[in-house]
Structures are given as C-alpha cells and as structure tokens.
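As structure tokens, the structure follows; a few thoughts come after it.
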Amino acid sequence: MIREPGRLAAACADARQALRSQGRRGLLAAVGVVLSAAMLAAAIVIAEGLGNGFDRAVKAADLGDLIVRFDPQRTQQIVKRIEALPDIAGFALRTEVTSATISYGAHMATNAVGEVIGAGRRQGFAVVSGQRLHDHGREVLVEAALASAWHITVGSWLRVRGLGRERVVGFAEGPDDVGYPLAAPRFYVSRAAIDARFGADPDPYVNFAEIWLRNPRYLGEVLVQARDESFGLRDVQFATRGGVRVLVHQAAGIVIDLLVALSVIALATAAVMLAASSRAEVQRRLRAIGIRRAVGASRGHVTLTQALEALMMAVPAATVGTFAGWLATYGAGNRLLALLNEPGPGAALILPMLGGWLASIAIPVAGAAWPAWTAGGRAVVSLLRGADVARARSSRRPRPRRMRRRQAGGGGGRGGGLSSLGARLVAARPARLAATVTMLACSTAFILLMVALAGTLSSLETDPQELGKHYQLTASLPPAAAALVARIPGVAAAAPRYELHAADGYSLGELVDVIAYPRDDTRFEAPPLVSGRRLHGDGQAEVGVGLADAMGLAPGSELLLQLPSDRQLRLRVAGTVSSLDDEGLVAYVPAAALLADDPSAASQIAVLLKPGASQGAVTAALTQLGAAPQQASGAVARGAPLVAVLKTILIAIAIVDGLVCLYALTQACSLTVQERRRTVAVLRACGAGSVAVRRLLAGSVLALLTPAALSGVLLERLILGPALSKLAAGYATLELQASAAQVLATVGGLVLAGALAVWWVARSAMRESVITGLAA
C-alpha cells in the first residue's frame, strides 16, 4: 500500500505535469485569479483604511468627548465652569489664534490657525512624526496635511508673524477637523515656550476646551449642563466626537460601499468563471482520469491532483493580484486619510489582506476539486469513453453539408449563420450565461456610476450653480451698500447675505450654518428643494437634508437655534433642500428674524451678474469701492486635492473593473471553444478559416454583451444612480446619472473588450490542428 507521503508526492508530480500541459488555458485561469484578488485587495484597503480611519485617529489622539469653542476668557473662569460639570474625567485648555500668517519657502497663508497648548498629558492631537513640543526654544508642530502640501520637513523653519522663525520638530494630526487645504492650515506651539520668551501671564486667556467624560453615555446630560454653565460666554460652539464622526463616515461611505459591492460581484464572477473553466478542463481529461482509475488510482488521488494543480496556479496568481490591488489603492487611500487628519491602516491591513489572499486561492482550488471529485466517482468505462459536452441535446453538432452551404453563402442561411450558431452555443450553458451577463451588467452599471460620480465631483468643484448658488461674486461691504452695487454696469441684482454659525437649540450637539437674505428671494441662492416648499414670511425656514436628518426635522417641524448672541431663534420648517455646504447642516432663514435676535450677524453683498456681463469689469468696479470682491466657489472648491484623490481611486477601480470584463469575455469565448472543440474542428474541416471562427465567437460575445449593456444602463439609471445620489454623503440628493456620451463611451469600451477577446481566442483556436479537434 502506498504511504501517504508517497501519494502526496505522486499527486504533486501529476499536478505539475498537468499544469505545464495547460498552456494558454492555464494562463487565462491565472489572469482570472489575479483580477479577482486585485479587486478584493482594493476593497479591503479602502474599507479598512477609510472605514476605521476615524477610530484609529481618535485612539491615537485621545480625542475628547466634547469640544467647546468660545470667546476668549480667563483660564480660571473656564476651569470653574468645567469643574462644575458632572462626570468629568479631565479637560485640556488652549488658545486658538485664527487669521495667523505663516510662510514657508514660496508658500504663505494668512488664515492659519495657531494652537497655543498648555501642559498636560491629554491634548486631543497625535504627533505622527518627529517629537512633541518642549517647554523652551523656538519649536512648532505643523499639521501633517499642511506639511505634505507645502513639502515641509522635520527640522526646517516655519516663519510665523509675531513669533519669527520656528523650527518644525514634528507633524501632528487632530481628528477634530479635516486637514489643509480642506480647512485652514494649523500649527501648534507651546504656551510655556512662548511665556519663557515674552513673559508669563498667571491667568492667560483661552478660547478652546476639550473635555473627557468618565462615561460617554452621559454626554447628553453633560451638554445640557454645559449650556447652562456657558451663560455669559459669547460665540459658544459645541462639537461632539459623534458629530465629527458623521462627516468622515459620510465622505467615505460612497467609495467604501461602491468598491465593496463591486468587489463582491467581481469575486463571484471570477468564482463562476474559474469553476466553469475547471469543469471544462476535467471534461477534456475524462479519458486520462479513466486511465488513472483503471490502473488503480483512487478517487481521492484524482481530486488531490486537480486541487494541487489549481493551488500551484492560484498561489502565485493570488499573490500578484493582492499586491497589485494594494499598490493601486494604498497610496491614494493614505493621501485621502491624510486630508481627513487620520492615520493609515498600517499593520492593521495584514490580517484582512491575508484573508483576502486565502479566499482568492480557495475559490479556484475548490472550483477545481469538486468537478474532479464528481468525475472520479463515475464508472471507469464511462470515463474511458469520454463525454465531450458537444453531445448535449441543446447544442447538437451541425451536419457538415449544412456547414458547406453556410460557408459558401457567406454565413447566411437558416438560423442566422455562424453568428447565430455562436449565440446558441453560449446559450447552451444557461447558468454560465446568466452569471456572465449579470457580472457584465453590474460592471457596466458601476463604470457608468463612477463616471457620473467623477463628473459630479468636478462640477461641484468648479460650478457653484450646481447646488443653487446663482450669484457670481461677493463683496465685503455693509448691507446699506447693496443699492450702490446694484447700479454698477453689468450687475443684475445685489443683496446682503448674512451668515453665522449657530448650535442646535435642543441638544447643542450640531453646529448649523445659518444663511439669510432680506427677502424670500431665490434669485441669489436656491438649493434644490427636496420636500415641502420654499420659505415664505419671517417665521419659516428651509433646512438642509443633513440638518433634517440630524435633528429629526420635516416640513412643519419647529427649528430651534442657539445663536452666538445667546438668544434662541424659533422658526417653522417650510421645506428641506439639497446642500453640500457644511455637510448639509445648513438653515436658510429670513434676515428680519435673524437680525431681531442677533443684530451683529456678519454679512457681505451677494452680486448677481447680467447674462454676458464682464466679471472682470464688475470686479474692478467693486475693488474701487473697497469691497475686496471674491468669486463664488463651488461646494468643494477648497477640496480640490480631495476630489483628485477620489478620482484616482475611481480610476483605479474602473481600470480593474474593465480588466475583469475583458477577462470574463475572454474566458467565455475560451470555454466555448474548449467545450465545442469538435464543432470548431468540423467547421474548419469544411473549409472555414479564421474569419469564420471569429464570426462564430463574435456571435457568442454579442449574446453576452447585448443583454449585459442594456441591463447595465437600466441598472445605473433606475437603481444604482438614485440610490447613490441619496447615499452621497447622506446629506444631499445629487443626480448621479451618466450622460448619453458617457453611456456610448462605456458601451464602446465593452465592444472593444469583446473584439479583443474574439481576436485572442480565435488566434489560439486556429493553432490547434483539425485532426486533434476531431479526435477530442
């Protein structure tokens, strides 16, 4: 009896020999494993990186449960108020200096935020490179995103107006806000070091507090108490850890959900195609399996040989694919995380990537072992006879005489000729046909969705009118100057635009961007209405979908806002609107109602130009008035790097998705030729050349592409587009539907992939001799 080690060695030897004999068939199967592994790896990198990025940042920075900003107050006064709050585990105070001027090389910013931090273990940010600040010397920490954008290195010198040259000792990430350029650049300096240079203040002013609770479940009660304790303070703004998390999850949700769903489809398709390929390969080897069984090989030995053959092919292919997927998305994912002030996944990726790698190996191995196990259980006589699937009732081999007539007639005749025959050959495998068409349809829909999403991001970045901003310019002038601006040649209308930040009056857990105009005038700003109606009168408001979701508002609900003046504004919600500004946490209110409770609300003049007017001429006229005009920006204008990173990720996904489509078409054609070798051999014996074989395969490809393209377009139009438009950041409704040009380009790409698959498979089929095919 053969010992187990000898049996394993014999199976390995047989597997190596069989793998060498596969040639192009084995190469095609390996490509399928590479692509499925790459798609799965890309999904893991993005899902793990973005999905858990905020939690990693919170843990690294020890972010507080409650963040409070207020007008500058003496430290002892704030300490007394915080110590009066319940369930306090600790707090840290600092001074935020806004509108600071910093410069490095050719870069300069006048809106930088300087964080003057005091002593203490908890600070709410993490030093990700370099070292922490000392209590002496000219040292500064800069935000990691700022360092990346300005190419700042540890040890270089940053110039800060008022402080002079400061040596950069490290890079920091604070997850309480996104990074530069999505937000103003931030840097950190030590209060002790500044006091050592300029003299110490025994009770310095602070305007920022970060609070940690013993039990975060009591955050709501602490917020209510904090509101009472904040009496007398101005410009009080509360932010919770959960509120910060919302923005990150909304921004990342689009990419994560899209990529994971696409990866599941690609992986399932690869599994179906690899299983079909393995089954077809077993069909080719039925006689060889019968001979092995006749000389005493066990059913287990046959199965083990087939599984080892698949394993030898899958291990290197899965390794290459996993590395390729990681390489395609890891860098872009980390750049996106840096913009969000979050660390990369690092070693946390090892276990998920290992799981994806093992799954990419297990699928082809299982797909090869099962048909071998099934075949090994058949009678030896049946195996020795062979069982070419061309004998299936649904696809009987055409008679040679009929083939001569079709070839002579150029492919015409009853049934549509060679193309029709190719379609029928594919349809003879309905399960595989359905799986391939489903995969191609889903891939088409996803590609269209990604193209539409990329176009939408570009539009939001460059076109303010995409989300209802109809004015083209703003001018820093008092409200009374609106009439003067309106008389400038080229100006159609001008009106004061008031804007301030208020807090949710019920829980103080959300910060709301409040925008007001003197009249119910939609000429200047009118985001798309989602529900309800436009506001009318001084007692109504329109709210963003994000604010409505966060506060549970609907048309007819009461909106309660805590203004910086310490007064409350109560309005009735007239409708909800789609807005990407401030993550949809926005409220449009009448100016009269706002000014009644906060007369000091900041304002600027919104300028609406006449059609064809010269924006440069109007800008020059406003400059002469001392208005400091600015062009109205898109919803994500400051987020151009974020848009660029998202586009990079989408392009990488689209490329892999396109390659998966090419593989599916090539594998479908290859399986058709492999399973119908006798049919192809009969055609060639009757005089058919490479053109006829291509026409046969073209019919097979068209049978796949026609329903797939139609289904993919409908899937994107009716299901995925509307669903993702609501998912898009969760706070705005966008029209994510591909244009006619994008649809034509995508379908053209599928046709090109089909043509490449037909050319490659036909070229391979013509290399086999007719005698070999007839003897199969």
Revision key, fill the gap. Once amide hydrogens are built 1.01 Å from N within the peptide plane, the residues lying 5 or more places from Arg159 or on another chain with amide H under 5 Å from its amide H are Ser103, Glu166
Check your understanding: Label points 7 Å out from Cα along the Cβ direction at Tyr205 and Arg132: separation in nm?
Key -> 2.8
Point to revise | Thr522-Arg167 FRET efficiency (beta carbon distance; Förster radius 56 Å; 0.05 resolution) | key: 0.60
Review point. Got a sec to turn the phi values of the stretch 660-673 into Karplus ³J(HN,Hα) couplings, 6.51 cos²θ - 1.76 cosθ + 1.60 with θ = phi - 60°, whole Hz, x for Gly and Pro?
Key: 5, 4, 4, 5, 4, 5, 5, 5, 4, 5, 5, 5, 4, 5
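Once the piece of chain linking Trp759 and Ala486 is laid out straight, how much longer is it, given 0.36 nm per residue of separation minus the C-alpha distance between them? Provide the component values of the computation, followed by the final result.
Details: separation 273, 0.36 × 273 = 98.28 nm, distance 6.60 nm.
Result: 91.7 nm gained on full extension.
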Practice item. Order these peptides, 673-680, 492-499, by their mean beta-carbon neighbour count within 10 angstrom, highest first. Key: 673-680, 492-499
Review point. Which whole-Hz ³J(HN,Hα) couplings does the stretch 482-491 yield from phi under the Karplus relation 6.51 cos²θ - 1.76 cosθ + 1.60, θ = phi - 60°, glycine and proline marked x?
Key: 4, 5, 5, 5, 5, 8, 5, x, x, 8
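Once neighbouring chains are kept in place and the probe is 1.4 Å, which whole percent of the accessible area of the stretch 501-612 is contributed by carbon and sulfur? Show your work: numbers first, answer last.
Numbers: 2080 of 4180 Å².
That fraction is 50 percent.
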Exercise for review: Mind checking the full-extension length gain between Ala740 and Lys610? Use 0.36 nm per residue of separation minus the Cα-Cα distance, one decimal, nm.
Suggested key: 43.7 nm
Review point. Amide H of Leu213: which non-local residues (sequence gap of 5 or more, or other chain) have their own amide H closer than 5 Å, using H built in the peptide plane?
Key: Asp65, Ala89
Check your understanding: Over the stretch 533-610, with a single point scatterer placed on each C-alpha, what log10 of the ratio I(q)/I(0) does the Debye formula yield at q = 0.13, 0.23, 0.26 1/Å?
Key -> -0.41, -1.13, -1.28
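If you count, for each residue, the other Cβ atoms within 10 Å and average over each peptide, how do 65-72, 421-428, 566-573 line up from highest to lowest? Display every interim value, and only then the final one.
Details: 65-72: 19.1, 421-428: 21.1, 566-573: 16.8.
Packing order, densest peptide first, comes out as 421-428, 65-72, 566-573.
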Exercise for review: Give the peptides 93-105, 196-208, 337-349, 654-666 in descending order of average Cβ contacts within 10 Å, highest first.
Suggested key: 654-666, 337-349, 93-105, 196-208
Review point. So what is the accessible area of the stretch 106-165 per residue, in Å², with the probe set to 1.4 Å?
Key: 51
Check your understanding: Can you list the residues of the stretch 333-353 with backbone N under 19 Å from a point 7 Å past the Cα of Thr319, pointing along Cα to Cβ?
Key -> 350-353
Check your understanding: What is the ratio of the Cα radius of gyration of the stretch 149-213 to 2.2 N^0.38 Å, where N is its residue count, to two decimals?
Key -> 1.33
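How much length is gained on full extension from Arg717 to Ala554, taking 0.36 nm per residue of separation minus their Cα-Cα distance? Don't skip to the end; give the middle numbers.
Values: separation 163, 0.36 × 163 = 58.68 nm, distance 2.78 nm.
Gain in length upon complete extension: 55.9 nm.
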**Study point:** Per-residue ³J(HN,Hα) for the stretch 558-570, Karplus 6.51 cos²θ - 1.76 cosθ + 1.60, θ = phi - 60°, Hz, x for Gly and Pro
**Key:** 9, 9, 10, 10, 8, 7, x, 6, 6, 9, 9, 10, 10
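When N counts the residues of the stretch 17-145, how does its alpha-carbon radius of gyration compare numerically with 2.2 N^0.38 Å, as a ratio? Write out the running numbers ahead of the final one.
Numbers: Rg = 25.4 Å, N = 129, 2.2 N^0.38 = 13.9 Å.
Working it through for the stretch 17-145, the quotient is 1.82.
Assuming a viscosity of 1.567 mPa s and a temperature of 4 °C, what translational diffusion coefficient in µm² per second does Stokes-Einstein assign to the stretch 571-615, Rh being the Kirkwood radius over Cα pairs?
Working: Rh = 13.7 Å.
The diffusion coefficient I find is 94 µm²/s.
The values are calculated or read from the model by the stated rules, or taken from the named source; none is laboratory data. As the structure is a computational prediction, the values presented were derived from the model and not from experiment. FYI the Cβ positions are ideal-geometry reconstructions off the backbone, even for glycines, and counts take in every protein chain you see. Side chains included, ligands, DNA and RNA excluded: accessible areas come from the protein's heavy atoms. Shrake-Rupley method; radii C 1.70, N 1.55, O 1.52, S 1.80 Å.
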